[in-house]
Structure formats: structure tokens, C-alpha cells
Amino acid sequence: MLDQKTTNELKTALEKERDLLISELETIATPDPNLKGDWDIKHSEWEENEITSEEELEGGISVNESDEDMTNKALSDRLELRLRDVNGALEKIEKGTYGTCETCGAEIPEDRLKANPAAKTDMEHVV
Ligand SMILES: [Zn+2]
């Protein structure tokens, strides 16, 4: 079982990471007002032009705004996912269910939580 002190340390680490993720997300995206936890990429020049046309791909035009936006989209997706995990872990601390494997319910080793406080599973059930 995690003691209170360790739990508090991990909670502090999670809160710090959450703030960092949010400030990183804010540089490339804005929170979606309609969907909690979802972020919309700030577009540069072009609008919802998700797919680069085949011509452009073949022509080897690689550096343009849409590429920059795609990179930002990929980055924002990663940050969003991580933020979701971090928030999930913080919720579990509140509920008192923190530190157990989501797959089998076993306790997650303290070392693993210290390496990744947002870990959802033990080593055996890493997704
Ligand atoms: Zn497990």
C-alpha cells in the first residue's frame, strides 16, 4: 500500500505535470468549449484542409503551413492523451483507488509509480 507521504509526493508530481501539459497545449491549441478535455489546434494560414493533396506529396513539397499544423496536431494529440492519464490518476487519488492496476486490480509497484505517476497498470499489464 502506498503511504500518505508517497501519495502526496506523487500527487504533487502529477499536478506539476498537468500544469506543464496545459501550458504546452495552450501554445498550440485552445480548449474546446463544447467538449471537456478536448483541444482544438490553432490553425495557421490554412483552414480545415486535413489531407495534403497527392500532387503535393509527389511534388515533394514538404515545408508549408499544413505540415506545421499536422505536426502540431500530432503533438497536441500526444499531450492531450497524456493529460487525460494525468487527470485520471489525480481523480483516482481523490477517490482513493490510486495505485492499482486497471486490468487485474493488483497494486502497482511504488518504483513504477515513481517513474510514471500516471501509470494505469502494473508491469504485467502494460498496454
Ligand atoms: Zn495487472
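Laboratory data are not the source of any read-out in this text; all were calculated from the coordinates shown. Given the structure is predicted, the values throughout are model-derived calculations rather than measurements. We place every Cβ from the backbone using ideal geometry, glycine too, and count neighbours over all the protein chains shown.
A 31 angstrom limit on the alpha carbon distance is what I want to check against. Which of Lys42/Lys114; Lys5/Lys42; Lys11/Lys36; Lys5/Lys73 exceed it?
Those over the limit are Lys42/Lys114; Lys5/Lys42; Lys5/Lys73.
Could you check the simple spin-label distance between Asp111 and Asn8, using points 7 Å along Cα→Cβ, in nm with one decimal?
2.6
Report the extension gain between Glu91 and Ser23 in nm, rounded to one decimal, defined as 0.36 nm multiplied by the number of residues separating them, less their alpha carbon distance.
Contour length minus the Cα-Cα distance gives 22.5 nm.
Please compute the length gained on full extension between Ala74 and Glu15, using 0.36 nm multiplied by the number of residues separating them and subtracting their Cα-Cα distance. Can you show the working numbers first?
On the way: separation 59, 0.36 × 59 = 21.24 nm, distance 2.32 nm.
Contour length minus Cα-Cα distance gives 18.9 nm.
Using the Kirkwood radius over C-alpha pairs as Rh, can you work out the diffusion coefficient of the range 69-127 via Stokes-Einstein at 4 °C, viscosity 1.567 mPa s, in µm² per second?
106
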